[in-house]
Amino acid sequence: MHEAGFLSVVAAHHDFTLWSSTLSNMTFMATPLFDLSGRVAVVSGAAQGIGRSMATALAEAGADLMLADINIAGAQCTAAELSGLGRRAIPVKCDMSDTAQVQALFEQVDVEFGRIDFLGNVAGAALRRDTLDLSPDDVMAMLQRLVVARFFACQQAARRMVAQGRGSIVNIGSIGGVSALGRGLTAYGMAMGGVVQMTRELSTEFCGRGVRVNCILPAQIWNPGLEGRSKADPTLIDTWLRGIPCGRFGQPDDIKGLSVLLASDASAFITGALIPLDGGCLAMNAGSTAGPVV
Ligand SMILES: NC(=O)c1ccc[n+]([C@@H]2O[C@H](COP(=O)([O-])OP(=O)(O)OC[C@H]3O[C@@H](n4cnc5c(N)ncnc54)[C@H](O)[C@@H]3O)[C@@H](O)[C@H]2O)c1
């Protein structure tokens, strides 16, 4: 690797460390507006990454939780940590792309908690494949995993929330749902476009019945996928960083503030919103350069 590339890898990792420790030392101010005491949240993909951080933020703000993941050991680990905060946190093994399992998950919520105030629809892996080699089955699998699965969870949650007269749903989308990512992510982008439009439809349909539906659009939040690809090709770090005006990768804990905001009464008038969580990625034109005039 050339020297400039190496230095920015080091700088990027330095930023990770600094930012991670800043985020993990943050505590939420317990103002009534953001207080989630007595609320019940279901978060999928809660074993690691964005789902785990979202669940942690909600628990720190007072919520009890159902933690769904195909990785039950990871979900149990998250639950043990959140129980340490004094919350009820129940880990459940659930493949969110299997409607029977998702229905059983919500039936368990009925039994354990008797209500649901928040759904964090996070789980769902991407597919990267050269578009010339994509099969119709690949595309269908992505649509099933990201759009149909998220829709079914929204519907299960919304039936209960509408009956209660209140609730908040957050779908995790991607900036790839509103702009093109390239690099073999066509089916993923198509599916995330569906998640974006589904959010708008559901928010419009449910807003008169007390249920808000919003969509967070993350990008470049460090995860095992990015780590694996950067190990295989270290020059990718520079390429990615050039597209992030903030000059660093996101960390899963970057989801914490938005999670509490959107789950709480502080966002009572926010629905149908698409909120990028991307260090400025989406705002920057591809021909731009991050930073002031030099
Ligand atoms: N990381 C990013 O930059 C980024 C950008 C855009 C969108 N997203 C989306 O955010 C979500 C979470 O991303 P992450 O970076 O935290 O990923 P991650 O791989 O770190 O974590 C994903 C979690 O979801 C679980 N999971 C995967 N498929 C599941 C299924 N079918 N049922 C239940 N659990 C399942 C995994 O076991 C894991 O615990 C994904 O939907 C991803 O597409 C992430």
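The values are calculated or read from the model by the stated rules, or taken from the named source; none is laboratory data. Only a predicted model underlies this, so the values are computations on that prediction, with no experimental measurement involved. Positions of Cβ are backbone-derived with ideal geometry, glycine not excepted, and every protein chain shown enters the neighbour counts.
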How many of the residues making up region 270-281 are within 16 Å of Thr199 (Cβ to Cβ) and not in a strand (DSSP E or B)?
4
Restricting attention to region 108-167, and to residues there that are of a type in the set (Phe, Trp, Tyr) and in contact with a helix residue (DSSP H, G or I) (Cβ under 7 Å, 6 or more places away or on another chain), which single residue is farthest from the ligand (Cβ to nearest atom)?
Phe118
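Among the residues of region 35-42, is any basic (Lys, Arg), buried (at least 24 other Cβ atoms within 10 Å of the Cβ) and either modelled with pLDDT of 95 or more or on the phi > 0 side of the Ramachandran plot (or both)?
Checked region 35-42: no residue is basic (Lys, Arg), buried (at least 24 other Cβ atoms within 10 Å of the Cβ) and either modelled with pLDDT of 95 or more or on the phi > 0 side of the Ramachandran plot (or both).
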Filter region 210-243 for residues that are under 21 Å from the mean Cα position of the chain (by Cα) and part of a helix (DSSP H, G or I) and give the result.
Pro224, Gly225, Leu226, Glu227, Gly228, Arg229, Trp240, Leu241
Take the residues in region 220-268 that are touching a strand residue (DSSP E or B) at 6+ places or on another chain (Cβ under 9 Å) and farther than 23 Å from Ala46 by Cβ, then tell me which one is surrounded by the most Cβ atoms within 10 Å (Cβ to Cβ).
Ile244
The correct count of residues that are without any contact (Cβ under 8 Å) to a residue 60 or more places away in the chain and more than 16 Å from the chain's Cα centre (by Cα) in region 244-274 is 6
Output for region 269-283, where each listed residue is in contact with a strand residue (DSSP E or B) (Cβ under 9 Å, 6 or more places away or on another chain), over 25 Å from Ala61 (Cβ atoms) and within 15 Å of the ligand (Cβ to nearest atom):
Leu282
At least 1 residues that are more than 23 Å from Leu277 (Cα to Cα) in each: list the strands (runs of 3 or more DSSP E) lying fully within region 42-124 that qualify.
64-69, 89-93
Filtering region 79-97 down to residues that are in contact with an Asp or Glu (Cβ under 8 Å, 6 or more places away or on another chain) and farther than 14 Å from Glu112 by Cβ, which residue is farthest from the ligand (Cβ to nearest atom)?
Leu85
Every listed condition ((1) at pLDDT 95 or above; (2) under 27 Å from Thr271 (Cβ atoms)) holds for Asp133 save (2)
Pairs please, first residue from region 146-171 and free of Cβ contacts under 8 Å to residues at least 60 places away in the same chain, second anywhere and small (Gly, Ala, Ser) and more than 14 Å from the ligand (Cβ to nearest atom), Cβ atoms under 6 Å, 6+ apart in sequence or on different chains.
Met161/Gly167; Gly165/Gly210; Arg166/Gly210; Ile169/Ala157
Of those in region 55-72 that are within 13 Å of the ligand (Cβ to nearest atom) and farther than 22 Å from Ala100 by Cβ, the residue nearest to the chain's Cα centre (by Cα) is Ala55
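Conditions (1) among the charged types (D, E, K, R); (2) surrounded by fewer than 19 Cβ atoms within 10 Å (Cβ to Cβ); (3) under 16 Å from Ala263 (Cβ atoms); (4) away from the ligand (no atom under 12 Å from the Cβ), marked per residue:
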| site | (1), (2), (3), (4) |
| --- | --- |
| Val170 | no, no, yes, no |
| Ser174 | no, no, no, no |
| Leu181 | no, yes, no, no |
| Gly208 | no, yes, no, yes |
| Leu217 | no, no, no, no |
Quick one: would you say Ala75 is closer than 26 Å to Ala266 by Cα, crowded, with 23+ Cβ neighbours inside 10 Å and small (Gly, Ala, Ser)?
no
For the structure I just gave you, tell me whether Ser230 is under 29 Å from Thr31 (Cα atoms), away from the ligand (no atom under 12 Å from the Cβ) and of a type in the set (S, T, N, Q).
no
Counting only residues that are under 19 Å from Ile216 (Cβ atoms) and more than 18 Å from the chain's Cα centre (by Cα), which one in region 275-294 is surrounded by the most Cβ atoms within 10 Å (Cβ to Cβ)?
Met284
I want to confirm something. Restricting to region 108-128 and keeping residues that are surrounded by fewer than 16 Cβ atoms within 10 Å (Cβ to Cβ) and either closer than 26 Å to Arg183 by Cα or among the aliphatic types (A, V, I, L, M) (or both), which single residue is modelled with the lowest pLDDT?
Ala125
